[in-house]
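Accompanying notes for the structure given below.
What follows is calculated from the coordinates using simple rules that are stated; it is not laboratory data. Computed from a predicted model, the values in this text were never measured in an experiment. Cβ sites come from the backbone with ideal geometry, for glycine too, and all protein chains shown count toward neighbours.
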Amino acid sequence: MNELLIYLSGIWNINMTLAAFVAIPSGVIQGYAGFGGALVSLPFFVILFGPVSGFAMILIVMFLIQATLFPRAVVKADWKEIFPLAGASAVTLSLGLLFLVTADPNFIKKGMGIFIIFLTLFMISGWRYKGNRRCAVGVTTGAIAGGITGSFGVAAFPLSALYFYSSSSGIEIIRANVLMALVSNLIVAISGLAIQGIYQETLIARAFIIAPIFIISAILGQYLHGYAPVSWFRPVVYAILILSAVSLLFT
């Protein structure tokens with residue numbers, strides 16, 4: 001019994017309590033807006049657990065959230081659209097992870113803050129790609145998004161999603177493409193960090209504890225979508241993202 005208590009005390013501490021509280025609004029935001037949950041929680045997880053461990057935990061949580069959607073998305077996805085972007089992203093993401101795990105943590109924190117601000121301003125702008133959808137565009141988009149994600153642990157997937165949403169395909173196919181590209185990034189990132197020995201037993205246990213809290217909160221966010229107006233919810237999310245990013249720059 002004492003050994004069990006000692007083991008649990010090594011997993012659940014004050015930082016985990018704070019992380020659980022962070023997971024609630026982050027999950028609500030993810031469920032309501034369909035984006036931003038990982039970006040909101042990341043700065044706080046980085047402060048609590050460090051850049052690499054915080055990012056590694058978020059990856060597992062996001063993978064578990066998307067897991068139930070895999071079967072339908074695999075069937076509906078247009079893999080010819082996905083492969084150029086996902087392939088390029090996998091390469092640059094893998095190379096970026098080598099930098100992430102060896103670089104100075106303070107430098108990574110500052111970089112995270114800068115890129116979160118950049119991505120938030122990018123989403124606020126509402127810009128949409130309207131050019132030709134050549135293979136080179138998908139490769140370039142995937143390479144940039146993967147490089148940012150791998151090197152600084154910031155989910156730059158909004159850039160990739162923008163590419164897919166510029167397609168003339170039906171909305172169900174587009175959503176399936178976005179999901180499967182995201183899943184491929186998650187698998188590559190988790191595998192890369194696992195190979196480098198980041199996923200220790202305690203970190204994995206913490207991620208699996210946080211995941212249900214995040215998922216339940218996301219369900220609540222979906223429920224609130226019918227009651228809270230989008231006109232004020234999105235600005236609130238953007239404000240939280242910028243403030244959390246600024247906190248990384250000055251901590």
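At a glance:
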| read-out | value |
| --- | --- |
| Mean Cβ neighbour count within 10 Å, used as a protection proxy, ranking 85-93, 197-205, 37-45, 169-177 highest first | 37-45, 85-93, 169-177, 197-205 |
| Span-rule helices in the chain, defined as complete DSSP H runs reaching 20 Å or more along the axis (Cα) with Kyte mean at least 1.0 | 14-33, 51-67, 79-100, 105-125, 135-152, 171-195, 201-224, 230-249 |
| Unit charges on C-beta of K, R, D, E only; dipole of the chain, Debye | 680 debye |
| Rounded if a/c under 1.5, otherwise prolate or oblate - the stretch 19-249, Cα gyration tensor axes | rounded |
| Spin-label model distance (nm) - Arg72 vs Ser231, 7 Å beyond Cα toward Cβ | 3.0 nm |
| Relative contact order computed over the chain (Cα-Cα under 8 Å; 6+ residues apart), in percent | 38 percent |
| By average C-beta atoms within 10 angstrom, highest first, the peptides 155-168, 61-74 | 155-168, 61-74 |
